[in-house]
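Okay, structure first, notes after.
The numbers here are math on the coordinates, done by the rules we state, and not lab data. Keep in mind that this is a model prediction, so the values were computed, not measured. All Cβ positions, glycine included, derive from the backbone under ideal geometry; neighbour counts span all protein chains shown.
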Amino acid sequence: MAEAPFNKHFPVSWEEMHRNAKALAWRLIDKGPWKGIIAITRGGLVPAAIIARELEIRMIDTVCVSSYDHQNQREAMVLKGTEGSNAGDGEGWLIIDDLVDTGKTAVIVRKMLPKAHFATVYAKPAGRPLVDTFITEVSQDTWIHFPWDIELQFSQPIAKQRNNG
Ligand SMILES: O=P(O)(O)OC[C@H]1O[C@H](OP(=O)(O)OP(=O)(O)O)[C@H](O)[C@@H]1O
Ligand SMILES: Nc1nc2[nH]cnc2c(=O)[nH]1
Ligand SMILES: [Mg+2]
């Protein structure tokens, strides 16, 4: 699959992630009550934990999907679907992921749980129509760096990053 041109980088700190996941919980509380959460691994696990804490949801399951090798998108692999969960067609359930980008992961999981409410912390324009609720939109050519993927190090001034394309 062609490599996406990610010209911009958007690092997210643990504090921002916590704040935004909590903001998502505020948006979701009045849309409930919720029977449970399906977290899309692995990225959905962190916001799902925060939302579960805020909404006092203890019924949590996973759908395990992998479609990127770092920034390179490949064919999505479903490692585990909803079998064994009691989510049924998803009615009254929340699906939580960290972000929607092209929307491919969302399409796959929506097919499994057509009546569930799909919520992400971040959304890019191509995936946005597939999400019911999200907090922050970033442009399609932005790569979001989550706190569990990064460490503190020197950063180039924006002007230098621009000059290097
Ligand atoms: O909208 P899409 O283009 O499908 O991209 C979004 C998906 O990509 C990332 O997961 P990834 O497959 O990298 O696995 P991970 O969550 O284990 O990092 C992210 O956590 C979303 O699940
Ligand atoms: N970390 C991360 N994973 C992704 N998967 C698809 N898009 C992204 C992104 O912008 N950041
Ligand atoms: Mg993911």
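Assorted remarks:
- In the chain, the convex hull through the Cα atoms has an average projected area of 9.9 nm², a quarter of its surface area.
- Cut-off 20 Å, label 7 Å out along Cα→Cβ of Asn7, residues of region 130-165 by amide N: 137-145, 156-165
- Shown is the FRET efficiency for Glu15 and Asp132, computed with R0 = 25 Å from the Cβ-Cβ distance and rounded to the nearest 0.05: 0.45.
- For region 24-149, with +1 on Lys and Arg beta carbons and -1 on Asp and Glu, the positive-most of Thr102, Gly44, Leu79 along the dipole: Leu79
- What you get for region 24-149, charging only the Cβ of Lys and Arg (+1) and of Asp and Glu (-1), is a dipole of about 180 debye around the Cα centre.
- Spin-label model distance (nm) - Lys22 vs Gln153, 7 Å beyond Cα toward Cβ: 3.1
- Distance from the alpha carbon centroid of region 88-165 to that of region 48-71 works out to 13 angstrom.
- Cross-link pairs Lys31/Lys104; Lys8/Lys115; Lys22/Lys124 - those with Cα-Cα distance over 31 Å: Lys8/Lys115
- Here the peptides 100-107, 25-32 are ranked by packing, the mean other Cβ count within 10 Å, and the order with the highest first is 100-107, 25-32.
- Sparsely packed loop sites in region 1-55 (the GluC sites (Glu not before Pro) outside DSSP H, G, I, E and B with at most 13 other Cβ atoms within 10 Å) comprise Glu3.
- Using alpha-carbon coordinates, inclination of helix 14-29 to the longest axis of the chain, degrees: 40
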